[in-house]
Amino acid sequence: MYGMIQQAARDMVLARYGEEVWQAVLGESGLTSEHFISAQAYDDTITFSLLSAIGTLSDMHQDELLEEFGKFWIEFAEASPYSSVLRMAGDDLVTFLSNLDRMHASIKSTMPQTAVPSFQLLNANDGHIQLVYRSERQGLAPFVRGILHALLKKFGHTGDISTRPTDGAVVFDIVLHAAEAA
Amino acid sequence: MTLTLDETELDRLFPAYLCLDLHGTIASAGPSLQKLNDGDFVGRDFFDVLQLERPNDVTDIEALRRTQAPLILQACGNGTLRLRGIVVEKPDCLYLLLGHIPEVDPTLQKTPLSFSDFSPTDGSLDILLAAEVRKALLDDAHALAVELREEKRAAEAANVAKSSFLAAMSHEIRTPMNGVLGMASVLSQTGLEASQRDMLDIITQSGQSLLTILNDILDLSKIESGKLEIERTSFCLDEIVRSCEALFGMKAEEKGLAFDIQVREGAHGTYHGDPTRIRQILNNLVSNAIKFTDKGGVDIRVRRTDTREPGVVRLEFEVEDTGIGMHSETTERLFSPFTQADSSTNRQFGGTGLGLAISKRLCRLMDGWIQATSEFGTGSMFSFFVQVAVNDEASLPKPEATPFNHQSTEPVSRGLRILAAEDNKTNRILLRAFLEPLDADLTMVKNGREAVDAWRIRDFDIALMDIQMPVMDGIAAVKEIRGCESRERLVRIPIIAVSANAMTHQVCEYLEAGMDAHIAKPIDQAELLQLIGLMTQSPPGHTEAGVGNARAW
Ligand code: HEM
């Protein structure tokens, strides 16, 4: 995966646990360099060994960690040089989600080595949003869930998110709490 | 076939379209433009709000209607908004089907465009994101460079710290080593059996080579931590050459080697630079040449060439031998520290292998260079140059007034009252042993304070003053003594500074503080006795110019 993911993982560990734990994570994951270039593609095994080392050292289950990481992701992207991309994706939750797919597809033209996910907005009525997530990778639904939670917060909503797997995809049902639904 | 688009389709395909009536008034605009200027495009004259970049000869609605060329528009007053498209003519209006031209410049950050402002039919959004990604890449590269620079700085600082540590360590080891050698020297003057003398010789030789190694390490670490200073003093090139001949001529002869030194016409004479360091490099090369040559000989050539800078010349030295030579890979590694030609060389010939690394750094410090060419089995040639200033004859120092005669250790005066301040116990014992032949009345103190106190209550003929001491250092003590002497009109006591720091500027500092002479550690017994003899013979007031200067240089 592209280096920005590794950068975010490093920042999360540094922010939550400090330099010492980060050095331990590097040791545990067997990585020799802690310098990542955001727009460079790294082998997925690097990303996953990094995440699993963080899980081990923070004593978190992998899904739990991915969800936490998803929550951190938006915070990180907003402070990164990519914040303009986030801003252009939309000023409200529904517009933002409807642009996710276009955003990733467009980024793919710049970073052809990446395997970007696809997002399809099925419907968005009466505070009920359905988003279909498809990926070549396995097991990242908790990450998406974390990001969606962070997005609800970013756009001033509260709500419940549930998932159900369908054919080769995961459907996210987002039900906004009534107060904001209108 | 006719394709008809409804308004929603038009909005999606050309989010920045414009519809003009036949007078050139904007009748409607796409969602992206409406959002941009709060829709105030509508109802205004096209040429008032937009400027045509291409084609640039179109100035009225008629010409616009007829144009077939692609359009490039700029919104007036908003330099960053540019649009591209074509004109489609309808019976009662003109459609300008337009899309945004993404600005690949970071100023775009400021324009409030979002994804929906870009038509899904073209690649403009991709270009825009590509620009953003590229910008992020540059930011990353910049941050990385900063981080790496910081890491490099830290690594260099650690290296300097290591060198300083090494220097301190070597210095610490040198003091007791000097104790060992000094005692061995004192012991050698006592009645010894032949077998005991052989053992003592081994102690002395081993100690001497250990000291050489320590001095090499000390030199190298001083250079690496930037603490080695190059002196600027007058020197005579022929003097350096002569001492080289004196030092190595015999050795070469013992090995049956020819030994020849040639100084080219024009190179003779005096210069301004660091003779000690030049001698160190030359001696290192010559000593290696003799070490690695069994047949033939060693040739040394010296010449002088001009530089572009007036008053500055190059002194070039060549040391050529007919020795074992080296392979080219070896020649390349020669000047790096801690690599000897190969480890067997070390075992066979000894040495730290630091000599050439030190020589190279010394050359650099003197704006010079060193290099080697060699052929395995045939011989090697080392050459180096340093830059020195030409001396104008008038400013030459007087030739060394009082060369020390090392043969005569016979003390000039006996029964002297000597005050010696030295904090190190070994050095005190050594000093006492060295002064033994004088049969002196010796008062030993441990720091400057005690020295001043002792001087106040007793009369002394001479004082030996260590520089670095706890409580009060040698310089402060001398200043206090000199102050008292002049206030109370007392007889001036000759004081000799004893220190390991013998750089010119340090020696000057000692003399300025009121010392009369300087002797460097490790102390040479003969030199010490000679100096004491000289200082106690002549009136102390005169020693300042005579002996003091002689010893300082
Ligand atoms: C500035 C914002 C963003 C940028 C630049 C970005 C870019 C990317 C890129 C390049 C990848 C491909 C990973 C690879 O194969 O190397 C990726 C993966 C992914 N992105 Fe984003 N993204 C952003 C925001 C988001 C948001 C808001 C979501 C919300 C759900 C999201 C969800 C994901 C997921 C789940 C993946 C994981 C890969 C997979 O499932 O196969 N991203 N992103």
Legend entry - Residue tally, condition within 15 Å of the ligand (Cβ to nearest atom) and farther than 17 Å from A:L66 by Cβ, over segment A:3-16: 1
Inset, instruction - Could you tell me which residue of segment B:109-126 is modelled with the lowest pLDDT, considering only residues that are out of contact with any strand residue (DSSP E or B) (no Cβ under 7 Å at 6 or more places or on another chain) and facing another protein chain (nearest Cβ under 8 Å)? - result: B:Q109
Inset, instruction - Sort through A:S98, A:S106 and tell me the only one that's surrounded by 14 or more Cβ atoms within 10 Å (Cβ to Cβ), away from the ligand (no atom under 11 Å from the Cβ) and within 14 Å of chain B (Cβ to nearest Cβ). - result: A:S98
Inset, instruction - Among the residues of segment A:109-135, count how many are over 27 Å from A:T45 (Cβ atoms) and within 10 Å of another protein chain (Cβ to nearest Cβ). - result: 0
Legend entry - Residue match in segment A:64-77 (condition: within 14 Å of chain B (Cβ to nearest Cβ) and in a helix (DSSP H, G or I)): yes
Legend entry - Pairs where the first residue, in segment A:27-44, is more than 16 Å from the ligand (Cβ to nearest atom) and the second is among the hydrophobic types (A, V, I, L, M, F, W, C), C-beta under 7 Å, 6+ apart: A:E28/A:A53; A:E28/A:L57; A:S29/A:L50; A:S29/A:A53; A:L31/A:I46; A:L31/A:L50; A:E34/A:L26; A:H35/B:L144
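Please specify each residue of segment A:147-161 satisfying the condition of being within 16 Å of the ligand (Cβ to nearest atom) and either closer than 14 Å to A:G127 by Cβ or within 14 Å of chain B (Cβ to nearest Cβ) (or both).
Scanning segment A:147-161 gives A:L152, A:F155, A:H157, A:G159, A:I161.
The values are calculated or read from the model by the stated rules, or taken from the named source; none is laboratory data. This structure is a prediction, so every number in the text was calculated from the model and none was measured. Every residue, glycine as well, gets a Cβ built from its backbone with ideal geometry; the counts of neighbours run over all protein chains shown.
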